[in-house]
Amino acid sequence: MNAQKRFEIFRRLREANPDPRSELVYATPFELLVAVVLSAQATDKSVNLATAKLFPVANTPRALLDLGQQRLEEYIKTIGLYRAKAKNVIALCADLLAKHDGQVPRDRESLEALPGVGRKTANVVLNVAFGEPTIAVDTHLFRLANRINLAPGKDVLKVEQQLLKFVPTEFLQHAHHWLILHGRYVCKAQKPDCPRCVIADLCEYRHKTPGESAPAQPRASMHPRPARKTEAIAPSHRRGRVARPT
Ligand code: SF4
């Protein structure tokens, strides 16, 4: 795919959704970190349902440690792998208190050293909470990048590296959300919604779903917004909010 096509793809995705947001509901970098850890191999919706009850009770490392692993499990038992995740969250809280004064670190090395935090989670936190131009490659983004030949790669790291290399600078901040949301709601795994896709004429996938031509106007409404805002995050953090791979 050439540079002009890539630019036009992101221009249209931006036009359709100028201010993309994470679908995880959170109010602080710590809540975001916990939500992303819980979201591995689970839907954002299931995480939001659990954290809507958990965070009003405990939304700091100290409060979650005081809550304890067993009671935490009760709050998140509807989420897949909840026991392992509860264990990681408790260990993560202990690490944050012991090594980072209870704050979420804003560098990759420190984030990836936390229990249950891998490269993808670190990328989400760096991008969404701290406004860094990172790209977290989840299953939707990985599929999309390969399917349409935007940034082909055999593994998520290769796709991430390709995207960082090829995405025009002005789109880097929100590229991760635009692509994840497009993959989640339009370029779906089973039956991509090509007839309603705003980038259909640019996409290089050879087996598009047949139907009517793509709409002339962008469909901003196809990406739902989160129910809860991020009021508790400083403005510089809020600007960078952007999503994650399951
Ligand atoms: S045209 Fe179809 S395959 Fe291409 S990006 Fe759009 S939904 Fe995906």
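Across segment 144-159, the number of residues qualifying as of a type in the set (Gly, Ala, Ser) and part of a loop (DSSP other than H, G, I, E, B) comes to 2.
Residue-level check: of (1) closer than 21 Å to VAL47 by Cα; (2) surrounded by fewer than 20 Cβ atoms within 10 Å (Cβ to Cβ); (3) over 21 Å from the mean Cα position of the chain (by Cα), LEU81 misses just (3).
Per the listing GLY131, GLY118, GLY153, the residue uniquely farther than 30 Å from TYR205 by Cβ and either without any contact (Cβ under 8 Å) to a residue 40 or more places away in the chain or touching a helix residue (DSSP H, G or I) at 6+ places or on another chain (Cβ under 7 Å) (or both) is GLY131.
Every residue, every condition in (1) surrounded by 15 or more Cβ atoms within 10 Å (Cβ to Cβ); (2) modelled with pLDDT under 95, yes or no:
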position	(1), (2)
PRO18	no, yes
SER22	yes, yes
THR28	yes, no
LEU33	yes, no
ALA50	yes, no
VAL57	no, no
THR60	yes, no
GLU73	yes, no
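Considering (1) aliphatic (A, V, I, L, M); (2) over 22 Å from ALA129 (Cα atoms); (3) part of a helix (DSSP H, G or I), the lone condition that ILE180 does not fulfil carries the number (2). Take the residues of segment 127-143 that are in contact with a Pro (Cβ under 9 Å, 6 or more places away or on another chain) and part of a helix (DSSP H, G or I): which is nearest to GLN41 (Cα to Cα)? Among those that are in contact with a Pro (Cβ under 9 Å, 6 or more places away or on another chain) and part of a helix (DSSP H, G or I), it is THR139.
Applying the condition of being among the acidic types (Asp, Glu) and more than 9 Å from the ligand (Cβ to nearest atom) to segment 153-197 and asking which residue is nearest to ARG119 (Cα to Cα) yields GLU160. For the residues ARG14, ARG21, the requirement of being out of contact with any Ser or Thr (no Cβ under 7 Å at 6 or more places or on another chain) and part of a helix (DSSP H, G or I) singles out ARG14.
The values are calculated or read from the model by the stated rules, or taken from the named source; none is laboratory data. Quantities reported herein were computed from a predicted structural model and do not represent experimental measurements. Positions of Cβ are generated from backbone atoms using ideal geometry, with glycine treated the same way; all protein chains shown enter the neighbour counts.
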